[in-house]
Amino acid sequence: MEKLSRAMFSSHITPVAAVFLLGLVYILATTLHQYRRLRHIPGPPYAGLSKWWLARNELSGEMNLRLLGVSEKYGSIARIGPNLLLTSDPDLLKRMLAVRTKYKRGDWYDAAQFDPGHQNIISERDDAAHNKLRGKMAAGYSGKDVEGLELRVDRNVRGLIKLLDEKYVAKGKRFEFARKVQYFTLDAISDISFDEPFGFLTADSDLWQYIYTAESALTAVLFCTIWPWLTKIAASFPFNRLLPSDDDPFGFGKIKGIARKQASERYGPNKKVNNDMLGSFVNHGLTPKEAESEIIVQTLAGSDTTATAIRATMLHVVTNPRVLAAFHAELDARGITGRAPDAIISEAEARTLPYLQAIIKEGLRIWPPVTGLSNKVVPPEGDTFNGIHLPGGTNIGYCAWGVFRRRDIWGDDAAEFRPERWLETEPEKLKKMEATLELIFSYGRWQCLGRNIALMETNKVIVELLRRFDLILVDPTKPWVTKNISIHAQSGLWMRGYKRV
Ligand code: HEM
């Protein structure tokens, strides 16, 4: 009996153990192979052996700073994963992103598929399909096809001012500036997109808990950027039942529902015709499903980003009396300060204000709104940059904080907010600074389509708030709560305003 059970035991276990051992050998061999491919590039210990370094740091909420630390310690090309490098070299980034680049988007982008099974302009990795989609949307984003794009921004700037003025400043109440700015960017983008502001400013609240749920969901999305196969699992039964649905009364699902409704109204025999961005997309041949996905992309890509640009710039200006005084002097000299209460500066005029432009560039530089790794893949034949061999198939991620804190480009005071650097630097160095700053909005093939809208909104809000109000931080020792999750989730920016004009 004992002999029999021993025989059974060994006959069952041996194949299992063999499979287990083979699996282990395979994992060890591939890990070693991956490790050796990129061992000539330095990086944090163990980061080259597994993705746990990446996961741990992504979850820290300060990934931007952790990556800056890597760049400063290991150089402008460093290794942060088994098949992942990080770069803070603007020349390498521009080579990777150029219009005719041979680099491709990596599987990092699969996580941007907000509607499983349907690609959008950000998740699309196929170059031809991406170009085609971009071509159909270019006229809408440039504003060429959108009736009164600037007027739409203006009316939402007025909405923001009215809210702050009547509900808070006039009553001596403090307000949480981070949220109010995002209400503005959400209303402005929906107004431009489908002619109907969501209504965040009027409601003065996080409608449908959208901001809260979108920020919470981004942590899960981060995991999918590290292990892209999680995206497929999330999209398959039964996990897909847990994803936001168009019928949800709140959160991201609510925005999906609005996008579906808005898109569906633009097709069919009784279609609504509007000269807004959605109208332009329809005229250029976007299908109803594509139009729906792109409304969602705009809501996501166009709200937190611009809100961060405005918040970070305003925070640095209002806490810097020297900069604030110089800016007020510029507004006074141009006769802008005392204009009628409902006047909104035109974008064209704002662009002629040198100090304002320096403030905005410096605000974007000191706090880049988009910090995601946005991995690109080295072409199969490999590449060599500054004598460093980059094997084909290697992912290379973007280190935003590393690029915008480089002392060789920005000077020894790179970590300080000093708009004057844009006004007093000699032409040759300034050219390099301007060229590097372009990376804030990515570059070339994948350059941000909403760049002009974002800058228009930022220019107007900064002028119109600072000419009307003296803004102070309620607690300068705790200016805000900011969490880095590829973008920035920001809150707690409590301010109080006093009327100037
Ligand atoms: C200061 C504000 C903004 C910043 C810093 C910013 C930055 C960026 C960056 C870095 C990318 C490249 C992403 C990647 O490929 O990994 C991007 C793409 C994109 N952005 Fe923006 N963005 C801003 C505002 C906006 C706004 C307001 C909109 C919409 C109105 C928008 C729409 C888009 C779209 C559609 C893409 C995809 C372009 C493509 O793949 O061809 N962005 N943005």
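The values are calculated or read from the model by the stated rules, or taken from the named source; none is laboratory data. Note that the structure is a prediction, hence the values are computed from the model and not measured. Cβ: placed from backbone, ideal geometry, glycine included. Neighbour counts: every protein chain shown. Surface accessibility is based on the protein's heavy atoms, side chains included, excluding ligands, DNA and RNA. Shrake-Rupley method; radii C 1.70, N 1.55, O 1.52, S 1.80 Å.
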_Condition check for Leu163: open to solvent by less than 50 Å² (accessible area, probe 1.4 Å), within 30 Å of Glu349 (Cβ to Cβ) and away from the ligand (no atom under 16 Å from the Cβ)_ = yes
_Please go through the range 250-280 and give me each residue that is buried (at least 21 other Cβ atoms within 10 Å of the Cβ) and polar (S, T, N, Q), ordered by number._
Gln262, Ser280
_I need the full set of residues from the range 424-444 which are surrounded by 19 or more Cβ atoms within 10 Å (Cβ to Cβ) and within 8 Å of the ligand (Cβ to nearest atom), in order please._
Leu439, Ile440, Phe441
_Subset of the range 281-295 that is among the aliphatic types (A, V, I, L, M), more than 11 Å from the ligand (Cβ to nearest atom) and in a helix (DSSP H, G or I) - its residue that is most open to solvent (accessible area, probe 1.4 Å)_ = Val282
_Pairs please, first residue from the range 328-348 and part of a loop (DSSP other than H, G, I, E, B), second anywhere and open to solvent by less than 70 Å² (accessible area, probe 1.4 Å) and basic (Lys, Arg), Cβ atoms under 7 Å, 6+ apart in sequence or on different chains._
Ile336/Arg467; Thr337/Arg467; Ile344/Lys460; Ile345/Lys460
*Test Thr219 against the stated conditions and say whether it is surrounded by 17 or more Cβ atoms within 10 Å (Cβ to Cβ) and in contact (Cβ under 8 Å) with a residue 24 or more places away in the chain.*
no
*Within the range 237-249, is there a residue that is open to solvent by 60 Å² or more (accessible area, probe 1.4 Å), touching a residue at least 24 places away in the same chain (Cβ under 8 Å) and within 16 Å of the ligand (Cβ to nearest atom)?*
no
_Quick check on the range 258-274. Is at least one of its residues within 12 Å of the ligand (Cβ to nearest atom), touching a helix residue (DSSP H, G or I) at 6+ places or on another chain (Cβ under 7 Å) and not in a helix (DSSP H, G or I)?_
no
*Determine if the range 310-317 includes at least one residue that is at negative phi and out of contact with any Phe, Trp or Tyr (no Cβ under 9 Å at 6 or more places or on another chain).*
no
_Tell me whether the range 405-413 contains one or more residues that are open to solvent by 30 Å² or more (accessible area, probe 1.4 Å), touching a residue at least 40 places away in the same chain (Cβ under 8 Å) and under 28 Å from Asn57 (Cα atoms)._
yes
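Being small (Gly, Ala, Ser) and either open to solvent by less than 20 Å² (accessible area, probe 1.4 Å) or over 30 Å from Pro476 (Cα atoms) (or both): is that true of Ala178 here?
The answer is yes for Ala178.
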*Of residues in the range 481-501 being surrounded by 15 or more Cβ atoms within 10 Å (Cβ to Cβ) and part of a loop (DSSP other than H, G, I, E, B), the one modelled with the lowest pLDDT*: Ser486
*Does Leu186 satisfy being at pLDDT 95 or above, crowded, with 23+ Cβ neighbours inside 10 Å and hydrophobic (A, V, I, L, M, F, W, C)?*
yes
*Given the residues Arg134, Arg152, Arg125, which is the only one that is at pLDDT 95 or above and open to solvent by 70 Å² or more (accessible area, probe 1.4 Å)?*
Arg125
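With the requirement that a residue be hydrophobic (A, V, I, L, M, F, W, C) and over 19 Å from His284 (Cβ atoms), what does the range 114-168 give you?
Matches in the range 114-168: Phe114, Leu151, Val153, Val157, Leu160, Ile161, Leu163, Leu164.
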*Subset tally (residues that are buried (at least 21 other Cβ atoms within 10 Å of the Cβ) and of a type in the set (S, T, N, Q)) for the range 346-375*: 3
*Tell me which of these Gly48 doesn't satisfy, since it passes every other one: (1) of a type outside the set (S, T, N, Q); (2) touching a strand residue (DSSP E or B) at 6+ places or on another chain (Cβ under 6 Å); (3) touching a residue at least 40 places away in the same chain (Cβ under 8 Å); (4) more than 30 Å from Met433 (Cβ to Cβ).*
(3)
*Evaluate the range 134-143: report whether one residue or more is part of a loop (DSSP other than H, G, I, E, B) and closer than 24 Å to Leu278 by Cα.*
yes
*Does Ala220 count as at pLDDT below 90 and small (Gly, Ala, Ser)?*
yes
*Is the range 196-203 home to any residue that is within 16 Å of Ser303 (Cα to Cα), touching a helix residue (DSSP H, G or I) at 6+ places or on another chain (Cβ under 8 Å) and open to solvent by 60 Å² or more (accessible area, probe 1.4 Å)?*
yes
*Give the range 376-400 a look and list any residue that's within 14 Å of the ligand (Cβ to nearest atom) and open to solvent by 10 Å² or more (accessible area, probe 1.4 Å), or say none.*
Val377, Asn395, Tyr398
*Search the range 445-467 for residues being of a type in the set (D, E, K, R) and open to solvent by less than 20 Å² (accessible area, probe 1.4 Å), and hand back the single one that is farthest from the ligand (Cβ to nearest atom).*
Arg467
